[in-house]
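Worksheet: one structure, shown below.
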């Protein structure tokens, strides 16, 4: 029926037929954002969520590069920390997330302007470049701000469309947090452990291959061939804290421990709350000479911290080197053995599984375990 009606209506003049309706032009212009939002909805990896959001936004506004900042509201100061950057070489766009977002800087006027409204944006002309800033979040609650540099001044409609796309990014990030973070401490939860452990095993395999190749060529790359590590940390006498001060202050201890972990380890280290007072740490590319110092630094940070009402809290740590030939359960078992030794020999200390075995302080009684240990020893000394 619609075809019939359309066929009897007057046809537009030829000159009019060459122009698409404004709404069609806008829809066509916004198709990259719609595609980006659709890809975001299927993305489960956190780094990919940031990369897709930044690359889509920059390409949409013909940007030369963009910066993604974390936002921290700590009245009266408003500060930002760089998370990563996106650069275009004219043909392709690349995202780099090497920054940790923990080096806090005061905001400049442009960033401040966009953060003073709900999902706001601000624009400034600086030389030959247009500098744009987009707040990701409601007024006073924005968690990120995206800064884009472009040689072209964007239309107001394009800025508004990009602000809507960034809400998709925010929603997807919230969905990721809901699925992957512990609700109390905001560390990674236990159900994410397997996937992250597979990546750690893969990194350990690459490091081992690189080490073997380096040995063959008589060369050495310290950044590639360093081992990976798995550690288990446990708060000493945590039950007494709950019994003496109540679960409210026990939860506060867990929150402070999580904050101390974030401060003590690198931004790309994986930090988990395994449940109760037990935490797990995954480290990549750390030399054997430094790993004990790294875990001791965290232990001492806990020891000197003044916890509300509770005062002093201590923790014990056990760790093991990642062996790609072993299963997650076996490697966790090694770290647990070292932790158990720390608990049984005074608490408030850090012990490594291999060092305990080599010194004779720890023995493995199962035949399979003995065979594996002997294989490790042979590989080290033969």
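The values are calculated or read from the model by the stated rules, or taken from the named source; none is laboratory data. Quick caveat: nothing in here was measured; it's all calculated off a predicted structure. For neighbour counting, all protein chains shown are included, and Cβ atoms are generated from backbone atoms with ideal geometry for every residue, glycine included.
What's the number of the condition residue 99 fails, among (1) out of contact with any helix residue (DSSP H, G or I) (no Cβ under 6 Å at 6 or more places or on another chain); (2) modelled with pLDDT of 90 or more; (3) more than 17 Å from residue 167 (Cα to Cα)?
Among (1) out of contact with any helix residue (DSSP H, G or I) (no Cβ under 6 Å at 6 or more places or on another chain); (2) modelled with pLDDT of 90 or more; (3) more than 17 Å from residue 167 (Cα to Cα), residue 99 violates only (2).
Check off (1) closer than 25 Å to residue 63 by Cβ; (2) loosely packed, with under 15 Cβ neighbours inside 10 Å; (3) at pLDDT 90 or above for residue 92 and give me the number that stays unchecked.
Every listed condition holds for residue 92 apart from (3).
Condition first: crowded, with 17+ Cβ neighbours inside 10 Å, farther than 18 Å from residue 85 by Cα and under 21 Å from the mean Cα position of the chain (by Cα). Can you find one or more residues in segment 145-165 that meet it?
No, segment 145-165 contains no residue that is crowded, with 17+ Cβ neighbours inside 10 Å, farther than 18 Å from residue 85 by Cα and under 21 Å from the mean Cα position of the chain (by Cα).
Taking segment 7-34 as the search range and keeping residues that are in contact with a helix residue (DSSP H, G or I) (Cβ under 8 Å, 6 or more places away or on another chain) and at pLDDT 55 or above, which one is surrounded by the most Cβ atoms within 10 Å (Cβ to Cβ)?
33
Filter segment 102-117 for residues that are closer than 30 Å to residue 269 by Cα and part of a loop (DSSP other than H, G, I, E, B); which is modelled with the highest pLDDT?
Once the filter is applied, the top-ranked residue is 107.
Taking the criterion of being surrounded by 15 or more Cβ atoms within 10 Å (Cβ to Cβ), in contact with a helix residue (DSSP H, G or I) (Cβ under 8 Å, 6 or more places away or on another chain) and at pLDDT below 90, would at least one residue in segment 251-272 satisfy it?
No: zero hits.
Yes or no: segment 231-238 includes at least one residue that is assigned to a helix (DSSP H, G or I), without any contact (Cβ under 8 Å) to a residue 24 or more places away in the chain and not assigned by TED's automatic domain parsing to the domain that holds residue 47. Break it down into steps so the answer makes sense when it comes.
Within segment 231-238, the first condition is being assigned to a helix (DSSP H, G or I), and the residues that meet it are 238.
Cutting the leftovers down to without any contact (Cβ under 8 Å) to a residue 24 or more places away in the chain gives us none.
Checking segment 231-238: not a single residue is assigned to a helix (DSSP H, G or I), without any contact (Cβ under 8 Å) to a residue 24 or more places away in the chain and not assigned by TED's automatic domain parsing to the domain that holds residue 47.
Any chance segment 118-130 includes a residue that's part of a helix (DSSP H, G or I) and not assigned by TED's automatic domain parsing to the domain that holds residue 280? Reasoning before the result, please.
First, pick out the residues of segment 118-130 that are part of a helix (DSSP H, G or I): none.
No: zero hits.
How many residues does segment 185-200 contain that are surrounded by 13 or more Cβ atoms within 10 Å (Cβ to Cβ) and touching a helix residue (DSSP H, G or I) at 6+ places or on another chain (Cβ under 8 Å)?
Residues meeting the conditions: 8.
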